[in-house]
Amino acid sequence: MVVEQRPRPRDEVATERVETPAARTTPVSDHPERRSRLVVLAGPTAVGKGTVAAEVRRCHPEVWISVSATTRPPRPGEENGVHYWFVSDEEFDRMVEHGELLEWAVVHKAARYGTPRQPVDLALASGQPAMLEIDLQGARQVRTTMPEALFVFLKPPSWEELVRRLVGRGTESEEERVRRLETAREELAAEGEFDETIVNHEVHDAAEQLVALMAPSPTDL
């Protein structure tokens, strides 16, 4: 899938400017002298990346998880700074121009998403486990800028289950569902680009498998 660079800003209502202060990172680890390895979680739309990341956050508060910035409006129940940083197109343009994003992309030919760079650098420098939960386009960009990261593909048990999850959550229009399913077929074909694959049969099990992959190897100790 081709990343669409710098599309024309939409005339939508601007939300508040994103801020990613150092205070948003979790406490420094017991080994500040050892920079941690970034774990990047990606997969097709509706596979449950956000749900698995939320389970990691709930059960393993020691894991720092990045909060992405996006130009799409919040869905019901989403909180600014918790689920995403909801920003205007103008603010997103500014962040791109000033190099404040580790990666960014247009997703589903609609909204833009990106990862603020500074919180990631701070978390890795502290030595604590750090994770990005992003889309395939973003993962490919991070592969270029941080090839030492561990890239994990979250896969649905079956195509039928992926369709059921997308239709069942009821947050998209019919047109958007069709677009997302077309994108999902392309995204599933990218599994071979990743270092590890986790099949999301059950959220807690998938989260625990993901955290297990974050454990340092003997050579890192």
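Restricting attention to segment 116-150, which residues are free of Cβ contacts under 8 Å to residues at least 40 places away in the same chain, part of a helix (DSSP H, G or I) and under 16 Å from L41 (Cα atoms)? Residue satisfying the conditions is T144 alone.
Can you work out which of the residues in segment 74-99 that are under 22 Å from R140 (Cβ atoms) and of a type in the set (A, V, I, L, M) is surrounded by the most Cβ atoms within 10 Å (Cβ to Cβ)? Looking at residues that are under 22 Å from R140 (Cβ atoms) and of a type in the set (A, V, I, L, M), I get M95. Regarding P61, is this residue in a loop (DSSP other than H, G, I, E, B) and closer than 27 Å to E186 by Cβ? Here the answer is no, as P61 does not meet what is asked.
Can you spot a residue in segment 195-217 that is part of a helix (DSSP H, G or I), surrounded by 14 or more Cβ atoms within 10 Å (Cβ to Cβ), touching a Phe, Trp or Tyr at 6+ places or on another chain (Cβ under 9 Å) and polar (S, T, N, Q)? No: segment 195-217 contains no residue that is part of a helix (DSSP H, G or I), surrounded by 14 or more Cβ atoms within 10 Å (Cβ to Cβ), touching a Phe, Trp or Tyr at 6+ places or on another chain (Cβ under 9 Å) and polar (S, T, N, Q). Among the numbered conditions (1) surrounded by 15 or more Cβ atoms within 10 Å (Cβ to Cβ); (2) at pLDDT 90 or above; (3) over 12 Å from the mean Cα position of the chain (by Cα), the only one that L102 does not meet is (3). Note on segment 154-190: residues that are outside any helix (DSSP H, G or I), over 16 Å from T51 (Cβ atoms) and touching a residue at least 24 places away in the same chain (Cβ under 8 Å) total 1.
The values are calculated or read from the model by the stated rules, or taken from the named source; none is laboratory data. None of the values given here were measured: they were computed from a predicted structure. Every residue, glycine among them, receives a Cβ derived from its backbone with ideal geometry; neighbour counts consider all protein chains shown.
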